[in-house]
Amino acid sequence: MSNDRPGKVRMMQGNQACAEGAIAAGCRFFAGYPITPSSEIAENLSVMLPRLGGKFIQMEDEMAAMGAIIGAALTGQKSMTATSGPGFSLKQENIGYAGMAEVPCVIVNVMRGGPSTGMPTLPAQMDVQQARWGAHGDRGVIALTAKSAQETYEQTIRAFNLAEKFMTPVILLIDEITGHTTEKVIIPDASDIEIVHRKKPDEDPENYLPYRLTDECVPILAPFGTGYRYNVTGLCHNETGFPTNDSHDIQCLIERLTRKIEMYEDDIIRNNELMLEDAEIGVFAYGSVARTAQAVVRMCREEGIKVGLLEPKVLWPFPAKAVFAMAQKVRAIVVPELNLGQMAREVSLASECRVPVHKLGRVDGRPIPPQQLVEKIREVV
Amino acid sequence: MDRYDVRLSGSGGQGLILAGKILAEAAAIYDGRNAVQTQSYGPEARGGASKAEVVIKDGEIDYPKAMDLDLLLSLTQESCTKYSGDLKEDGIMIVDSEIVKYPPEGSFKLYAAPITSIAANKIGKIVVTNIVALGILSKIAGVVTEESMRKAILARVPKGTEEINMKAFDEGWKTGEELLAE
Amino acid sequence: MAGEQSASKKPAVITVNTVWCKGCEICVAFCPKDCLEMEGGKCKVARPDDCIKCMLCELRCPDFAITVE
Amino acid sequence: MFDYLQYVRQENFPHIWCSGCGDGIVLKALIRSMDKLGLSQDETVMVSGIGCSSRTPGYVDINTLHTTHGRALAFATGVKIANPDLNVIVVTGDGDATAIGGNHFIHAARRNIDLTVLLYNNYIYGMTGGQCSPTTPRGAYASTAQHGNLEPPFNISGLAIAAGASFVARGDVYNVKKLETLIGKALQKKGFSLVEVVSPCPTAFGRRNRMARPVKMMEQLRDTVVSVEKWEKMTDEERKGKFRTGILKDIEKPEFTAEYAKLIEKMRPEE
């Protein structure tokens, strides 16, 4: 939102910024299914993609949309889908597939409240743990978040970059407030945007192993149709890509799927800190709630309460180190969120009982206004 | 400038979300400040109480929803009753005089004009009610320049409707002047 | 395919890959000339000279185990 | 001699299918059709879901994608739209395509996207142990219909026709040469094309329904299959217990990826 960056200034909704970010990242395939409050992402891309020679398709259901983007990604296209809570649940099996088969793609979830159909038109942050553990099985997960239209634009690009770099589905969690808030977005020149493309194999097709074990832990999958014929499966497989029941191969695979994210945590995780150096009360807030928290840090400082903010831009992998560092400095941590403590739980774990962690969970479909958080902090003090 | 919080309320289908976007763009793009526009809506595409909110500020806007309202526009009785609680004591309330028969009492300044009728009768198109309202509120609030409002409207309205929308804005602006003079 | 085969006068060479054969007996049961037999749960070429190279055993073998030349 | 070996991944043989399973017979017919049409192995993709038939991709030396249960058509739709130059073949079964994947099946047909679908219909869930499927005949026995199946079965080809497929054929693994011809026609068709292949499952279906021997199941096929031409001349009485094979529908209609290419072309001047 700072005005000093070069670029073109436009007013847009978070959902539109997401579509613009996808295009800037090189996304040329979108498959989706209508669901409030994410539908504007699909609507915008249905207009933009064919103009760029890209492909848009509204599929028959959420599972189909997720399957279609995996299929498209295997041809080398950067692919995306967008949904909201119930649709995210329906996609989980195929998100797990993309994790297992190591197919890069981006899933945007404009969160609304649940369980079930819950609150279609109202904001919530209730899918934070679903993003981590929604699909069955064990693997590393990358999930980003954003609090404004500008950040949504930037984080959508980053989601594609991380997907391509680590060959994995990447989730972007925004909420109804961010998705539907119209505000300034500074669109940088294309030359100023860092774009990552997945690696291409450099060996002959005869020697090619799609899931070759390397120190990097990230496979190199050749796009279908480029002369490298291999098999992709959701079953446990070995380096060849064919299914296996070999205990060693299976153990290696599942461990690698977790390790390939864990070992790069420091590169992936990004946090924003506000007045944390001398803070006595630490606030941990993400997504649209981080905006409330920013306002509250300033309001409390005016009152003489030393509050600081730790705002993660990446929810998974969880920024445990930053939370632990904060826990060593402050007297208490407050976690305001639009759920009943999904991240507060992680914060408690990461702070290793150094300080009390106070939850402020609002689940009535309304944002947390600054006054409510200020009162909570006064109570904690 | 400190935050200026505006809420445009009425019923779904009156074009208040578009009006909110226009107001925000006038402030942010053409006046070069910051503005955020948010909305709150129910499952109905038409009818029901609906609101669009705009926060205007020179610096970064953290909390994006309107808090203490500087200005409330209400085009229906239901929305006026439901959404007027956050209006500041010295705030501004603009209502459709023919529809909002029972505005709440308070120390705020109340301006009432037959906004819907102006659109329907003087302009001849009820769909421009939102633009008439924008004309009135931008004159009364004085928070966005007239020139920027005109540019923002022209950039947003469908091609071929520029003239009628400008006419609606002029009429609203004039009504605003009259209300201020009273 | 059948036309090519009948034009050839060479005797048929029927090969069975007994590692791949799963002994379903389909080839044996539907050979019009009764050239094949089962032996130890696998297909065995018993009377190759009777083969008319109709190819049906090869076409119907689910296991990719029979070829006729 | 036809050389199947250049098309298969020999390292994965012998395959996992049971003795007498028709799946290998279908695969061979497909390979011969591909060879006859000269389809490039590099530019052909096979997509499958879950089940016995869906293990086919592991054995074919092309680009292969073994997906989640029921979703093969969704993945295949993504592959085809993203790169319409690829030949995309979907291999699926009666349960995979018409139970859990029924929605994708009807919509891929409605969309008329250029996919060739080989649907192996064996009336049963073979891989999971013989549970009844949407095509298990009424009264037949299955591990979840041990008192006899109460439900009426789907007519899969009829379903595809009703949903809008441009090419629908039914074949069987007894009449292998005819099957090969039908698959060849389906591969050449620009549009959604289905070949429903009636293919026996002696292990999971046959054993429970007094046809444990593969030969017995093949004989039953031989005795119940009627060509569409002959079918037309039969009385209702004569048709009882029999089914048609051959081309059931073959029409020209707009194909999705071709229509999309036109849209992109139309958008170009605006750039």
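Observations, loosely collected:
- Counted as qualifying within the range A:212-292 are no strands (runs of 3 or more DSSP E), as none has 3 or more residues that are free of Cβ contacts under 8 Å to residues at least 12 places away in the same chain and not aromatic (Phe, Trp, Tyr).
- Summed over the range A:196-229, the residues that are under 20 Å from residue A:99 (Cα atoms), within 14 Å of another protein chain (Cβ to nearest Cβ) and in contact with a helix residue (DSSP H, G or I) (Cβ under 6 Å, 6 or more places away or on another chain) give a count of 1.
- Test result for residue D:19, more than 7 Å from every other protein chain (Cβ to nearest Cβ), among the polar types (S, T, N, Q) and either touching a His at 6+ places or on another chain (Cβ under 9 Å) or part of a loop (DSSP other than H, G, I, E, B) (or both): no
- Verdict on residue C:33 being under 24 Å from residue D:221 (Cβ atoms), touching a strand residue (DSSP E or B) at 6+ places or on another chain (Cβ under 8 Å) and either modelled with pLDDT of 95 or more or surrounded by fewer than 19 Cβ atoms within 10 Å (Cβ to Cβ) (or both): no
- Applying a threshold of 7 Å to beta carbon distances and a minimum spacing of six or more residues, or different chains, the list of pairs starting in the range D:1-15 at a residue that is within 8 Å of chain C (Cβ to nearest Cβ) and ending at one that is aliphatic (A, V, I, L, M) and surrounded by fewer than 16 Cβ atoms within 10 Å (Cβ to Cβ) reads D:14/C:19.
- Checklist (1) more than 22 Å from the chain's Cα centre (by Cα); (2) within 21 Å of residue D:174 (Cα to Cα) applied to residue D:265, failing item: (2)
- Any hit, the range D:29-43, residues being part of a strand (DSSP E or B) and either closer than 28 Å to residue D:85 by Cβ or touching a strand residue (DSSP E or B) at 6+ places or on another chain (Cβ under 7 Å) (or both): no
- Test for residue D:182: is it more than 12 Å from every other protein chain (Cβ to nearest Cβ), surrounded by 18 or more Cβ atoms within 10 Å (Cβ to Cβ), of a type in the set (A, V, I, L, M) and part of a helix (DSSP H, G or I): yes
Results for (1) surrounded by fewer than 24 Cβ atoms within 10 Å (Cβ to Cβ); (2) more than 7 Å from chain A (Cβ to nearest Cβ); (3) at pLDDT 95 or above, shown as yes or no for each residue.
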| position | (1), (2), (3) |
| --- | --- |
| D:35 | yes, yes, yes |
| D:46 | no, yes, yes |
| D:67 | no, no, yes |
| D:73 | no, yes, yes |
| D:76 | no, no, yes |
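- The residue list A:50, A:104 contains one member that is closer than 23 Å to residue A:199 by Cα, in contact with a helix residue (DSSP H, G or I) (Cβ under 8 Å, 6 or more places away or on another chain) and modelled with pLDDT of 95 or more, which is A:104.
- Looking across A:357, A:297, one residue alone is touching a strand residue (DSSP E or B) at 6+ places or on another chain (Cβ under 8 Å) and within 14 Å of chain B (Cβ to nearest Cβ). It is A:297.
- The selection criterion, being farther than 26 Å from residue A:177 by Cα and more than 14 Å from chain D (Cβ to nearest Cβ), holds for residue A:257.
- Pairing residues of the range A:357-381 that are part of a helix (DSSP H, G or I) with residues that are of a type in the set (Gly, Ala, Ser), at Cβ distances under 7 Å and at least 6 apart in sequence or on separate chains, gives A:370/A:295; A:373/A:293; A:380/A:332.
- Listed conditions (1) within 12 Å of chain D (Cβ to nearest Cβ); (2) modelled with pLDDT under 95 are all met by residue C:11, apart from (1).
- Test: residue D:171 is within 14 Å of chain C (Cβ to nearest Cβ), within 30 Å of residue C:55 (Cβ to Cβ) and not in a helix (DSSP H, G or I): yes
- Residue that is within 14 Å of another protein chain (Cβ to nearest Cβ), closer than 22 Å to residue A:373 by Cβ and modelled with pLDDT of 90 or more, where the choices are B:26, B:66: B:66
- Residue D:212 in contact with a Gly (Cβ under 6 Å, 6 or more places away or on another chain), assigned to a loop (DSSP other than H, G, I, E, B) and surrounded by fewer than 24 Cβ atoms within 10 Å (Cβ to Cβ): yes
- In the range D:60-73, the residues that are not in a loop (DSSP other than H, G, I, E, B) and not aliphatic (A, V, I, L, M): D:63, D:64, D:66
- Tally of residues being free of Cβ contacts under 8 Å to residues at least 40 places away in the same chain, under 25 Å from residue D:5 (Cβ atoms) and more than 14 Å from chain D (Cβ to nearest Cβ) across the range C:41-69: 3
Here is a yes/no grid of residues against (1) under 23 Å from residue D:49 (Cβ atoms); (2) within 10 Å of another protein chain (Cβ to nearest Cβ):
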| site | (1), (2) |
| --- | --- |
| A:8 | no, no |
| A:11 | no, yes |
| A:15 | no, no |
| A:43 | no, no |
| A:52 | no, yes |
| A:61 | yes, yes |
| A:67 | yes, yes |
| A:70 | yes, yes |
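- The set of residues in the range B:29-43 being at the interface with another protein chain (Cβ under 7 Å from one of its Cβ atoms) and not in a strand (DSSP E or B) consists of B:29, B:41, B:42, B:43.
- Check on residue B:71, within 11 Å of chain A (Cβ to nearest Cβ) and either aliphatic (A, V, I, L, M) or in a helix (DSSP H, G or I) (or both): no
- Number of the exception - residue A:263 against (1) surrounded by 19 or more Cβ atoms within 10 Å (Cβ to Cβ); (2) not assigned by TED's automatic domain parsing to the domain that holds residue A:335: (1)
- Residue D:135 being closer than 29 Å to residue A:62 by Cα, more than 16 Å from the chain's Cα centre (by Cα) and more than 14 Å from chain A (Cβ to nearest Cβ): no
- Residue within the range A:182-201 that is at pLDDT 95 or above, within 15 Å of the chain's Cα centre (by Cα) and under 24 Å from residue A:126 (Cα atoms) present: no
- Test: residue in the range D:118-129 that is within 11 Å of chain A (Cβ to nearest Cβ) and either surrounded by fewer than 22 Cβ atoms within 10 Å (Cβ to Cβ) or of a type in the set (A, V, I, L, M) (or both): no
- Residue match in the range A:179-188 (condition: within 26 Å of residue A:118 (Cα to Cα), more than 14 Å from chain B (Cβ to nearest Cβ) and in contact (Cβ under 8 Å) with a residue 40 or more places away in the chain): no
- A single entry from D:84, D:57 fulfils the requirement of being at the interface with chain A (Cβ under 8 Å from one of its Cβ atoms) and either modelled with pLDDT of 95 or more or assigned to a loop (DSSP other than H, G, I, E, B) (or both): D:57.
The values are calculated or read from the model by the stated rules, or taken from the named source; none is laboratory data. The structure displayed is predicted, hence computed values, not measured ones. As a convention, Cβ positions derive from the backbone with ideal geometry for all residues, glycine included, and neighbour counts pool all protein chains shown.
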